[in-house]
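Step one of this worksheet: look at the structure below.
Since every read-out is calculated from the coordinates, none of them should be taken as a lab result. Quantities reported herein were computed from a predicted structural model and do not represent experimental measurements. Neighbour counts run over all protein chains shown; Cβ positions are idealised from the backbone, glycine included.
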Amino acid sequence: MMLILDLDGTLFDTSARWEECEKLTNGNKRMFWECFQSPRFMNLDKPKWDVITFVQQLIEEEKPEVIAVVSGRSDKQREDTLKQLLKIGIEPNEVVLRGEKDFRKDHEFKSDAIRRLKEKYDQDKVIAIDDNDVVLKYLEEEGIEVIDAKKVTRKRKENEYPLRREKKL
């Protein structure tokens, strides 16, 4: 089994970085994304401990053969991303970030990255944790079990995954 984790909005609250970049860029979209996709304000990101605890319990219970982070973050943020992951105690086998000229929609980028990871590690069963409804929908349609990070709380009962979306028949 392979576990796929998202970062922004899932493992980390990036709202402070978002707000800081909005203030600096006065509505200029290109400048905003350059700011947000740089390491400059990543120190403002806050760990989402409810989700991190859930992920750690899931790793302990399911014992995935492969743990991968697949994020729309820019590859320019790799070093700081690895430091963030180390600080929260998650050590993935792979971290897949967007190339500088990759402007695909999140669901396209992530679907492609996960397909490649499944092939590389010869994995059929995949569980993905993400906060983006569109990404979750597309991954689910591809047969991937998804967990909506927005619904994760510390109140989860042992060995119960009420957050997984129901499979469509």
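Need one word for the stretch 57-108: rounded, prolate or oblate. Basis is the Cα gyration tensor (sqrt eigenvalues a ≥ b ≥ c); a/c below 1.5 gives rounded, then a/b vs b/c decides. Here the stretch 57-108 falls in the oblate category.
What the Cα atoms of the stretch 1-69 give is an Rg and a Dmax of 15.3, 46 Å. Total lysine pairs in the stretch 94-144 at Cα distances under 21 Å, for residues eight or more apart or on different chains: 9.
Using the Cβ-Cβ distance between ASP124 and ASP75 with R0 = 22 Å, the FRET efficiency computed as 1/(1 + (r/R0)^6) comes to roughly 0.20.
Among the chymotrypsin sites (Phe, Trp or Tyr not before Pro) within the stretch 58-136, those in coil by DSSP and having at most 14 neighbouring Cβ atoms inside 10 Å are PHE103. When the helices of the chain are scored as -39500 (n - 2.57) per DSSP H run of n ≥ 4 and the total is divided over every residue, the value at 222 nm lands at -12500 deg cm²/dmol. Diffusion coefficient (Stokes-Einstein, Kirkwood radius over C-alpha pairs, 4 °C, 1.567 mPa s) for the chain: 79 µm²/s, rounded to a whole number. Taking the Cα centre of the chain as reference, the dipole from Cβ charges on Lys and Arg (+1) and Asp and Glu (-1) amounts to some 360 debye.
Straight-line cross-link partners of LYS23 among the aspartates and glutamates, defined as a Cα under 14 Å from its Cα and at least 8 positions apart when in the same chain: GLU34.
Give me the angle, in degrees from 0 to 90, between the Cα long axis of helix 15-25 and the longest principal axis of the Cα atoms of the chain, rounded to the nearest 10. The angle comes out at about 30 degrees.
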